[in-house]
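Okay, structure first, notes after.
The values are calculated or read from the model by the stated rules, or taken from the named source; none is laboratory data. None of these values were measured; they are calculated from a predicted model. Here Cβ is always computed from backbone atoms with ideal geometry, including for glycine, and neighbour counts include all displayed protein chains. To get the accessible areas, we keep the full protein, side chains included, count just its heavy atoms, and leave off ligands, DNA and RNA. Shrake-Rupley method; radii C 1.70, N 1.55, O 1.52, S 1.80 Å.
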Amino acid sequence: MKRLVFLFMIIVSAVAAFSQGVPQTVNFSATVRNSDNIPLANATITVRVTFYEGGQNGTPVYCAIHQTTTNENGFMSFMINRNVLACGCNGSTNVPFEEIPWQNGNYWMQVEYQTDIAGDFISLGFVEIASGFYAFSSNYAVTAQKLVNFEVEIENPQDGDVLVYNGRTGKWEARHINFGDGGVQPPEIPAYIDLGLPSGTLWATCNLGAETPEGYGDYFAWGETTAKSVFDWSIYDYCNGTYNTLTKYCSMSQYGNNGFTDTLTVLEPSDDAATVNLGENWRMPTAEEFNELISNCTHQWTSINYTNGMYFIGPNGNKIFIPISDIRYDDSEYTPLFDEAYYWTSSLYTEDPRGAIYMYYYSDATCELRGVGRAYGMVIRPVYVPSQNGGGDTGEGGGGGDTGNDTITYPQGSFTDTRDGNTYATVTIGQQTWMAENLRYEGSIPLGYSSDDDTNPLRYYPNNSSSNVQLYGYLYNWPAIMNGAESSSTSPSGVQGICPDGWHVPSYGEWSRLNNTLGGTYGNAGSKLAGRADLWADGLLTSSGNFGETNFNALPAGDPYNEYSFGHYAFFWCTTMYDNEEIYCIWLSNSSPNMTYERFNLSNPFSLRCVRDN
């Protein structure tokens, strides 16, 4: 028999009916699911609510039993002190609910449930009720933290949150809930939000085809405007049945139908699913706009209404929730991944026009742009373009950025490490400030003479010569750069490692953010970060017109145990572990203008760039 999971909620805003400031009733809501997280529909549930004065072991002053039935979504709601099945239970003194002196404080509420009338009530724990419980006004602009002091710590409560008892974790959590029909309704969701981005781009609050921020919405092939469930090149609108017979958006004749080519690299309005389905003020975001979103926002992994996703929090404090989603091909049944998301841009992947660029994120705050076949299915998060006359504004403001200056600057500075007197150039790229030289810290880290030690901290000379340290810095194995710290996938990493005070070892997500600031996977970030063309072997890295533009000055220090790598590769450590044997690393190659991610063993000797703490 499957165990039931009860997610009980006490609404902490606009839940009380008032008579001279004292609550007469409290709205109590719950979603009931089985152990497979499937809503328990049309089920009878009995709930016993007891209020204690003086603590969890204090005097029970009020107790009531309510019985209700879940709807088809497993949702139930009732009003405490209305339509009561029984009162005076659980040894309570049976004080009338409206006469409880809440202002005295130190009241606790216990919640219990019962699914079998012959069975015992099962406790879901206690919640402390603050003295301000009765004093708030009936609107949604109320902060949950002001109303209830929780028995356990609640992270980041927001206005309009509900308290959720999670039967899986045994904890109370603050969440936004979509209540559906009837009962207390959440605030109306604005169509779009101004995040205060430099370009002023306005981002939709929901995916195309979704009605709530956590909804997945509809799936589209790139350039098609009708949602569908089967994705295959044989039914793709802009080819003649195969991926090598493109009929539109094709810059290479070998992939065009009978050699067809055109110069289109961004979807036209007639092929833009957001424009066609929502109107002329809406469109799909370009790769550049997704890059701006990623680079200028902070990222917070969270969950709304049991759907995982990422908050993108803009410079002005406004935020949008982008839920997890999958990528689809053929007619298979898909379940959105637990910790990944895939979103179309309107931009063609010009290096291979059979593909288009999409935004990918992972729960560790990694966000980047990639390319994939256009016939695949993904969801879309639109952007809003205001009418030139300024009318039709139904979004939410917040102070857009100045769009009149497209010049990108990379402020430079310097920093002296007081531990050893080494002075380093620094550079600010986007919202991150990096050392513009590889770390040269020696400390008590011993020199290494082999590359197979993944336990003891070691440092190495670039190309096995001490004369290279001043220019290229030391190379370190991963135990050395971490200085005893655990792996971190957060952004910022929070790992100082062997960096100076005020600086830290970057995580994979922080490197990814740097990459996106510079144009993403295909934006020549490697060339922009590299320096000293005379030290690099000839190739696409140095021939790019963007070479060295940031003054980040990445140099080809290589790996001392790979003779060819010196002059050809720059390898950089991060804090993020893939598994117990491999770490995510970043590397530049003379043969590519882009930044590349790879996994390497902990024992490899690589360079370290520190990033300044916020």
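Local charge sum around residue 582 (other residues, Cβ-Cβ under 14 Å, Lys/Arg +1, Asp/Glu -1)? Let's see the in-between values first.
Values: positive: 599; negative: 454, 579, 581, 598.
In short, -3.
Convert each backbone phi in the range 290-307 into a coupling constant with the Karplus relation 6.51 cos²θ - 1.76 cosθ + 1.60 (shift: θ = phi - 60°), then list the ³J(HN,Hα) values in order as whole Hz, x for Gly and Pro.
Once θ is set to phi - 60°, the couplings for the range 290-307 become 5, 4, 4, 4, 5, 6, 9, 10, 8, 10, 10, 6, 7, 9, 10, 6, 6, 10 Hz.
If R0 is 22 Å, what FRET efficiency do you get for residue 122 and residue 300 from their C-beta distance, rounded to 0.05? Please list the in-between numbers first.
Numbers: r = 33 Å, r/R0 = 1.52.
Efficiency, from the Cβ-Cβ distance: 0.10.
Quick check: pseudo-label points 7 Å beyond the Cα along Cα→Cβ at residue 316 and residue 351, how many nm apart are they?
Spacing of the two 7 Å Cα→Cβ label points: 3.6 nm.
If Lys and Arg each add +1 and Asp and Glu each add -1, what is the summed charge of the other residues whose beta carbon sits under 15 Å from the beta carbon of residue 436? If you can, show how the numbers build up before the last one.
Details: positive: 440, 528, 532, 609, 612; negative: 417, 437, 549.
So the environment of residue 436 carries a net charge of +2.
Would you mind checking which residues have amide H under 5 Å from residue 530's amide H? H placed 1.01 Å from N; only 5 or more apart, or other chain.
Long-range HN contacts for residue 530: 548, 554.
Could you go through the range 537-553 in sequence order and give the Karplus-derived ³J(HN,Hα) for each residue, using 6.51 cos²θ - 1.76 cosθ + 1.60 with θ = phi - 60°, rounded to whole Hz, and x for Gly and Pro?
5, 4, x, 5, 4, 7, 7, 5, x, 8, 4, x, 5, 8, 6, 5, 6
Between residue 252 and residue 44, how high is the FRET efficiency from 1/(1 + (r/R0)^6) when r is the Cβ-Cβ distance and R₀ = 60 Å? Nearest 0.05.
Efficiency for this residue pair is about 0.40.
For the full complex of protein chains and a 1.4 angstrom probe, list 89, 63 by accessible area with the highest value first. Please list the in-between numbers first.
On the way: 89 20, 63 0 Å².
Descending order: 89, 63.
Starting at the first residue of the range 322-327, write each ³J(HN,Hα) from the Karplus equation 6.51 cos²θ - 1.76 cosθ + 1.60 with θ = phi - 60°, in whole Hz, x for Gly and Pro.
10, x, 4, 7, 10, 10
What residues qualify as long-range amide H neighbours of residue 503, i.e. H under 5 Å apart, gap of 5 or more or another chain, H built at 1.01 Å from N?
Counting only residues 5 or more places away or on other chains, the set is 613.
Enter the accessible area of residue 59 (Å², nearest 10), with the probe set to 1.4 Å and all protein chains included.
70
Taking amide H positions as placed in the peptide plane 1.01 Å from N, state which residues far from residue 282 in sequence (5 or more) or on other chains have amide H under 5 Å from it.
Residues meeting the amide H criterion: 385.
Provide the solvent-accessible area of residue 214, counting protein heavy atoms only and rolling a 1.4 Å probe, rounded to the nearest 10 Å².
Surface accessible to solvent at residue 214 totals approximately 20 Å².
Please give, to one decimal in nm, the separation of the simple spin-label points placed at residue 409 and residue 538, each 7 Å out from Cα toward the Cβ.
Calculated label separation equals 3.7 nm.
Might you tell me the accessible area per residue for the range 428-482, computed with a 1.4 Å probe and given in Å²? Display every interim value, and only then the final one.
Numbers: 2270 Å² over 55 residues.
Counting only protein heavy atoms, the per-residue value for the range 428-482 is 41 Å².
With labels modelled as points extended 7 Å from the Cα through the Cβ direction, what inter-label distance (nm, one decimal) is found for residue 85 paired with residue 268?
So the label points at residue 85 and residue 268 sit 6.4 nm apart.
So how much accessible area does residue 270 have, in Å² to the nearest 10, using a 1.4 Å probe?
Number for this one is 80 Å².
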